[in-house]
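A.B. asks: Before I ask anything, let me first share the structure, which is written out below as structure tokens.
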Amino acid sequence: MEKKKIIAVVGATGAQGGGLVLSILNDGSKEFEARGISRDITSPMARELSKLGAQMVQADLNDKSSLVTAFKGVYGAYCVTNFWEHFSPEKEMAQAKNMAEAAKEAGVQHVIWSTLEDTRKWIPLSDKRMPTLMDNYKVPHFDAKGASNLYFKNSGVPYTFLLTSFYWENFINFGMGPKKDKNGNLSIALPMGNKRLPSIAVDDIGKCAYGIFKAGKKHQGKTIGICGGQPTVKEMAESFSEIFGTDIGYYDVPIETYRKFDFPGADDLGNMFQFNQEFETDFCKARDLKLSKELNSELLSFEAWLRKYKNSLEPSIRGEAATA
């Protein structure tokens, strides 16, 4: 019997990584097995993945030697960072460098790096249309990932760059769901104008990544962009209205206003939405819905996602605290 190929999944207990681990475990072909990488393999999620059949290994993205050990003997590695955990582009880049070098040292045959655009290629730091943040970035949580692509290229490890999209789960977990205004009217408040926003169910990122691994060398050396759809926010509000049976509008918040909202990272996200708006054509073109469906036959549309998570979204519609 042929030995199964191991895929190491960084952030296995997180949003993207968890979706990939479950995709591997639920695959009837059993060509691959999952090695979940986590800082804490005693966490409830890590223990649950272990019960389901994943091999859980402890490693720290800030410690390259722990990553080399975690990557030993694997065929593939899914590499992802979480900017929102520390809000440091420099830390995110250092972690990406550690993963790239560790994958090469461990002899990994295929790495998928979950990345985004370095927006400074479109909007240089000298461009005053958008404020520069943290001295060196326009959209820090994008730019750090995009700049880190070079670490994987320079390492010599076989790679695929996976451009992800706006998570629909942000409507549940990030406070972006419909809210009531002073008149009691429900609306989604985002600064996107009438522009399309490539977006996706977070579980589908993992499923698409698994499709890339299953395709062997086909996508190596390439940048693959995925999405579950490219609706406008107004269209998403209309879908909310239809599925929840109540009128939900769209409030197009001025970007300058959004940047000043009182939550960590509001300026970063404001710049992100400005980038999405001003470079809609490039951003949408980089994300291929047809290819996403080929990689993941179970890809959800926004309407299907709304129906699936209706119970989790209900509290937001009712004006209560949302739960995942």
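A.B. asks: Students often check this: by mean Cβ neighbours within 10 Å, which of 286-295, 124-133, 18-27 ranks highest, and how do the rest follow?
C.D. replies: Values: 286-295: 17.5, 124-133: 12.6, 18-27: 21.5.
The packing order, highest mean first, is 18-27, 286-295, 124-133.
A.B. asks: Moving on to the next point. Could you please state how large a percent of the accessible area of the chain is carbon and sulfur, counting protein chains only and using a 1.4 Å probe?
C.D. replies: It is 49 percent, rounded to a whole number.
A.B. asks: Based solely on its DSSP helices, what 222 nm [θ] is calculated for the chain when runs of n ≥ 4 H residues each add -39,500 (n - 2.57) and the sum is averaged over all residues, nearest 500 deg cm²/dmol?
C.D. replies: Working: 14 runs with 137 residues, N = 324.
Computed mean residue ellipticity for the chain: -12500 deg cm²/dmol.
A.B. asks: Taking a 20 Å limit on the Cα-Cα distance, which of the listed pairs K182/K308; K179/K285; K64/K91 fall beyond it?
C.D. replies: Numbers: K182/K308 30 Å; K179/K285 31 Å; K64/K91 13 Å.
Long pairs (Cα-Cα over 20 Å): K182/K308; K179/K285.
A.B. asks: May I ask you to give the solvent-accessible area per residue for the chain, in square angstrom, as obtained with a 1.4 angstrom probe?
C.D. replies: Result: 45 Å² of accessible area for each residue.
A.B. asks: If you don't mind, another one. With Kirkwood's inverse mean 1/r over C-alpha pairs for Rh, give me the Rg to Rh ratio of the stretch 14-141, two decimals please. Spell out each step's value before the answer.
C.D. replies: Values: Rg = 16.9 Å, Rh = 16.2 Å.
Radius of gyration over Kirkwood radius for the stretch 14-141 works out to 1.04.
A.B. asks: Going down the table (K153/K293; K207/K293; K195/K222), which pairs top 22 Å between alpha carbons?
C.D. replies: Working: K153/K293 27 Å; K207/K293 10 Å; K195/K222 27 Å.
K153/K293; K195/K222, as the Cα separations exceed 22 Å there.
A.B. asks: Something else about it: So what's the convex hull volume per residue for the Cα atoms of the chain, in Å³? Spell out each step's value before the answer.
C.D. replies: Values: hull volume 43.4 nm³, N = 324.
Value for the chain: 134 Å³ per residue.
A.B. asks: Further question: Ranked from highest to lowest mean number of other Cβ atoms within 10 Å per residue, what is the order of the peptides 3-14, 35-46? Walk me through the intermediate numbers first.
C.D. replies: Details: 3-14: 22.6, 35-46: 18.6.
Most protected by this proxy first, the peptides run 3-14, 35-46.
A.B. asks: If you take every DSSP beta bridge whose two residues both sit in the chain, what share of them, in percent to the nearest 5, is antiparallel?
C.D. replies: Roughly 15 percent of the beta bridges in the chain run antiparallel, per DSSP.
The values are calculated or read from the model by the stated rules, or taken from the named source; none is laboratory data. Values in this document were obtained by computation on a predicted structure and should not be read as measured data. Note that we place each Cβ from the backbone using ideal geometry, even for glycine, and neighbour counts take in every protein chain shown. Areas reflect the complete protein model, heavy atoms only, side chains present, ligands, DNA and RNA absent. Shrake-Rupley method; radii C 1.70, N 1.55, O 1.52, S 1.80 Å.
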